[in-house]
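Q: Input: one structure, supplied below.
Only the coordinates and a few stated rules stand behind these numbers; no lab work does. The structure presented is a predicted model; accordingly, all values stated were derived computationally and were not measured. Virtual Cβ from ideal backbone geometry, glycine too; neighbours counted across all protein chains shown.
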Amino acid sequence: MKLLYSKDAQLSKNAAGNGISPRLPVLSQIRTTVLVLFSLCAASSTVGEQIPSFAKLKSNYPGYAHFGGAFNNHDLISAIGCNTSMLLHDTSALRLSVTLNKIGGVHSLGKELIRLSKYGRDSVTGLDGLQYIYHPIAYGPYLADKYGYPNVSKLHDLDPVDTKKNFWGKQGLLRVITYTKKKNMPRGHVALWDCNHFHQARDWIAGHSLITAEFWQSSDSDCSHIPDTQNPPTSPDVNELLAKLRPDARPIKLRHRHWEKHFIEKYYQLHKSTFKR
């Protein structure tokens, strides 16, 4: 910057001798200030708390009763003791809120109402006075603001299997946005990703043809104990599946390739013994 400023000063001196207003040093200072501010902003955007260790996330997560956990929706809401009139049928956000509040410290959601989405308010107050985010959509900006940008961000992927490849063999927090056929409205889900599956939760990615995923990896991520994580899943081609059908099988030509593939896969599972090898 010293050489740059000296050059600007010389140009300013020459300009002043020619009756021109000496603006270059001022421009140089402005440019320097902008660069410094930009550097500070860039640094501050990447600095933040690390997400909790996966061991802590896993041990404090109130899993779904139907997927190996101990809490159904009613049990979860009763344990929190919050107002049920505002809650959604999807409790994935509440479950992560319970996890973070139980870990506590800098990871607690605190006692101030959380407002991040278009809905006006995104959290409810529990019996302990802490906030519990119940809108999964709000967890995207919340996690990004607290822990920085996600390690993996996959936007509008059309292949569920291809989406999983991006965080296969890793552990951390995963936020998924899927798009429903009705009015093409987005639905959010947030959960723990454990190497090759959702921990004590349903597979929020499978069965959807348009997915956005954001993944925050834990610092202690370790999947070496699961051999399957060394080989990411592959998506079989429809023609490959068709070749395995019985000669007399005639699957219905469905409107979307995704549902055609789903039909064939289900057919294959039901008639494995009669298929050509």
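Q: For region 82-134, how big is the tail of P(r) above 18 Å, as a whole percent of Cα pairs? All intermediate terms of the calculation are to be shown ahead of the outcome.
A: Values: 309 of 1378 pairs.
Beyond 18 Å sits 22 percent of the P(r) for region 82-134.
Q: Can you give the FRET efficiency to the nearest 0.05 for Arg121 and Val161, using r as the Cβ-Cβ distance and R₀ = 41 Å? If you can, show how the numbers build up before the last one.
A: Values: r = 37 Å, r/R0 = 0.89.
Efficiency, from the Cβ-Cβ distance: 0.65.
Q: Over the C-alpha atoms of region 54-230, what are the Rg and the largest Cα-to-Cα span, Dmax, in Å?
A: 15.6, 45
Q: Quick check: residue separation of Val106 and Asp203 times 0.36 nm, minus the Cα distance between them. What number comes out in nm? Could the numbers behind the result be given before it?
A: On the way: separation 97, 0.36 × 97 = 34.92 nm, distance 2.92 nm.
Answer, rounded to one decimal: 32.0 nm.
Q: Apply 1/(1 + (r/R0)^6) to the Cβ-Cβ distance of Ser224 and Gln50, taking R0 = 22 Å, and write down the FRET efficiency to the nearest 0.05. Kindly include the intermediate steps, with their values, before the conclusion.
A: Details: r = 21 Å, r/R0 = 0.94.
Rounded to the nearest 0.05, the efficiency is 0.60.
Q: Could I ask something else about it? Translational diffusion coefficient, Stokes-Einstein: compute it for region 103-162 using the Kirkwood radius over C-alpha pairs as Rh, at 25 °C and 0.890 mPa s, and state it as an integer in µm² s⁻¹.
A: On the way: Rh = 13.3 Å.
The diffusion coefficient I find is 185 µm²/s.
Q: Quick check on packing: order 66-72, 146-152, 170-176 by the mean number of other C-beta atoms within 10 Å, highest mean leading.
A: Numbers: 66-72: 13.7, 146-152: 16.7, 170-176: 24.3.
In decreasing order of mean packing, 66-72, 146-152, 170-176 become 170-176, 146-152, 66-72.
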